[in-house]
Amino acid sequence: MIERKQIPRDKCIDNTLTLLKEGYLFIQNRLERYSADLFETRLLGKRAICISGKEASKLFYNSYLMKRKGALPKRVQKTLFGENAIQTMDGRKHLHRKELFMSILNQEQQDRLTKITTKKWQEAIERWERVGKVIVLYDEVNRILCQSVCEWAGVPLSNSEINYRSKDFSTMVNTLSAVGPEYWRGKKARRRTEKWIRGMIEGTRSGKLKAGRNSALHQVAYYKDFDGKLLNTQMAAVELINVLRPIVAISTFITFTAFALYEHKEYVKILRSGNESMREMFVQEVRRYYPFTPFLGAITRKNFMWNGYSFKKGTLVILDVYGTNHDSRIWKDPYKFRPERFSDKKEHIFDFVPQGGGDPSKGHRCPGEGVTIELMKVSLNFLVNKIEFKIPNQDLYYSLVKIPSLPESGFIMRHIKTRTPK
Ligand code: HEM
């Protein structure tokens, strides 16, 4: 018989504001306080159980016990994800929609995007060198990725649009936890982007716009949902943005990659020696070590027992993504940046969750992990092997309280020159 245990309770009327104050460490702080794997509290006016670690993530991705409908706050849907999109779906309807994303991001399409991004990086370097500019890496990579993903997806983007379209994509991500005018900025960026992309869907369906058959635009425009019908224009736009926006958001991980090189210069030499496996390990450690996605939410489908704890149907369950990636039961010295920890090539289904856990084709794990890793590797190669640059004094502090986080200055670089290998 399993012993029945009491879930520690973090008593308060509502902890939502405290979560925003403590950011990425909100769950870890309380798990330490209660010496437990979970605790109960109130978030967004609901009873919530916060969980962390490998076993917790296995539970979170058990679709027999957990569902997504009702878990994602409307205010997050109105900026980051779009309303009623794939993130909020369950069961067979979700799996059917997920196939669309998996096919848009198949290996061939990933390779095509990597090629286009390599070309855009090269063009950007020539520009920086010619103009002798001081650049903010985060902003520049946003533009590189926005241009690349639009070309790849079959979405026309004129030169005059690059700045504001790339800014709108990053604003949707960066206003995730914002309140007041900042939040309104996020909503405005989404409204403008949705209008633009609805036009692309309509143009494709009417034949005015000729997107290649394999392009993301064509695939979304002609995708038939579980009920055999085309998505309405708004839903199609929301889901195409769910491909475009996160690809632009890889700029956050790329900025952290540059920052990691700055903080751990000892790896530059190893990476310059053409060590392919170190390139892979380095980007994996960037994804583990630096903060990006903080938490994920789901709702229990039924009453059940887990490790002696009772979960009631309809409870909000929050998985600690940042905490699981820094759990000392999984990672030795979790607060040390050590790419070598990935040398064992172990599969990390539930214990390494920067982009979710489980099997992406069977659950909600991110379908863009492969492409994220590839674009980070391409960018790392440019940073160490293709260019030389100076890093002026700047504020490189990144916060564990602000969600999402980024080095304050966005990583300023100057005197950028093409590197001639010695
Ligand atoms: C910038 C790096 C990225 C991060 C940190 C990230 C993170 C995540 C996370 C944490 C989830 C949620 C998993 C869950 O709900 O259980 C997710 C889902 C998703 N991601 Fe990503 N992602 C990234 C890049 C991408 C890329 C490049 C794409 C596509 C091109 C993408 C498309 C999606 C989609 C469509 C979902 C929803 C999947 C579903 O609900 O079934 N993401 N991502």
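The values are calculated or read from the model by the stated rules, or taken from the named source; none is laboratory data. Quick caveat: nothing in here was measured; it's all calculated off a predicted structure. Ideal geometry is used to build each Cβ from the backbone, glycine not excepted, and the neighbour counts take in all protein chains shown. Please note that ligands, DNA and RNA were not included when accessible areas were found on the heavy atoms of the full protein model with its side chains. Shrake-Rupley method; radii C 1.70, N 1.55, O 1.52, S 1.80 Å.
Listed by chain and number, the lysines whose alpha-carbon sits under 18 Å from that of LYS345, ignoring those within fewer than 8 places in the same chain, are LYS54, LYS332, LYS377. For segment 304-312, backbone phi angles converted through the Karplus equation (6.51, -1.76, 1.60; θ = phi - 60°) give residue-by-residue couplings of 7, 9, 9, 6, x, 9, 8, 10, 9 Hz, Gly and Pro being listed as x.
Taking loop as defined by DSSP and a crowding limit of 11 other beta carbons within 10 Å, which GluC sites (Glu not before Pro) in segment 1-79 fit? For GluC sites (Glu not before Pro) across segment 1-79 that sit outside H, G, I, E and B with at most 11 neighbouring Cβ atoms in 10 Å, the list reads GLU3.
Only aspartates and glutamates eight or more places from LYS21 in sequence, or on another chain, were considered; those with a Cα closer than 20 Å are ASP10, GLU32, GLU40, GLU182, ASP320, GLU408. Checked against a 22 Å cut-off, the cross-linked pairs LYS120/LYS417; LYS187/LYS208; LYS58/LYS402; LYS58/LYS302; LYS98/LYS210 give Cα-Cα distances beyond that limit for LYS187/LYS208; LYS58/LYS402; LYS98/LYS210. Highest GNM mean-square fluctuation among LEU176, LEU375, LEU19, for the chain modelled with Cα contacts below 10 Å: LEU19.
Applying 1/(1 + (r/R0)^6) with R0 = 51 Å to the Cβ-Cβ distance of GLU108 and GLU3 gives a FRET efficiency near 0.45.
Around the amide H of TYR61, modelled in the peptide plane, lies no amide H under 5 Å away from a residue 5 or more places distant or on another chain.
Accessible area per residue of the chain at 1.4 Å probe, in Å²? Write out the running numbers ahead of the final one.
Details: 19590 Å² over 422 residues.
Value returned for the chain: 46 Å² of accessible area per residue.
Under the rule a/c < 1.5 gives rounded, and otherwise a/b versus b/c splits prolate from oblate, where does segment 329-422 land using the Cα gyration tensor? It comes out prolate by the Cα gyration axes. Our coupling estimate for segment 65-75, obtained by passing each phi through the Karplus curve with A = 6.51, B = -1.76, C = 1.60 and θ = phi - 60°, is 9, 10, 9, 9, 4, x, 8, 8, x, 4, 5 Hz, Gly and Pro reported as x. Considering only THR171, PHE26, MET89, and ranking their Cα positions along the charge dipole of segment 16-418 that arises from unit charges at the beta-carbon of Lys, Arg, Asp and Glu, the one farthest toward the positive end is MET89. Here the contact order of the chain, divided by its residue count and restricted to Cα pairs under 8 Å and six or more residues apart, works out to 26 percent. A quarter of the convex hull surface defined by the alpha-carbon atoms of segment 328-369 gives 3.5 nm² as the mean projection.
At a Förster radius of 45 Å, what calculated FRET efficiency corresponds to the Cβ-Cβ distance of LYS417 and LYS74, to the nearest 0.05?
Values: r = 49 Å, r/R0 = 1.08.
After rounding to 0.05, the efficiency reads 0.40.
Surface composition of the chain: carbon and sulfur atoms hold 52% of the protein heavy-atom accessible area at a 1.4 Å probe.
Protection proxy ranking, highest mean first, for peptides 79-89, 139-149: 139-149, 79-89, where packing is the per-residue count of other beta-carbon atoms within 10 Å, averaged.
Note on segment 291-333: with charges restricted to the Cβ of Lys and Arg (+1) and Asp and Glu (-1), its dipole about the Cα centre is near 340 debye. Considering only alpha-carbon pairs that sit under 8 angstrom and 6 or more positions apart, the relative contact order computed for segment 36-114 is 16 percent.
For the chain, DSSP calls about 75 percent of its internal beta bridges antiparallel. Based on DSSP H segments of at least four residues, each scored -39500 (n - 2.57), the chain has a per-residue ellipticity at 222 nm of -14500 deg cm²/dmol. Within the listed set TYR398, TYR183, TYR164, the residue fluctuating most in the Gaussian network model of the chain (springs between alpha-carbon atoms under 10 angstrom) is TYR164. So for segment 16-418, considering every pair of alpha-carbon atoms, how many percent are separated by more than 30 Å? Tail of P(r) above 30 Å: 41 percent of Cα pairs. A simple spin-label model places the labels of GLU202 and TYR34 5.1 nm from each other, with each point 7 Å out along Cα-to-Cβ. Measuring r between the beta carbons of ASN62 and LYS386 and using R0 = 56 Å, the FRET efficiency lands at 0.80. Across the options ILE201, ALA48, SER103, the greatest Cα extent toward the positive end of the charge dipole of the chain (unit charges at beta carbon of Lys, Arg, Asp, Glu) belongs to ILE201.
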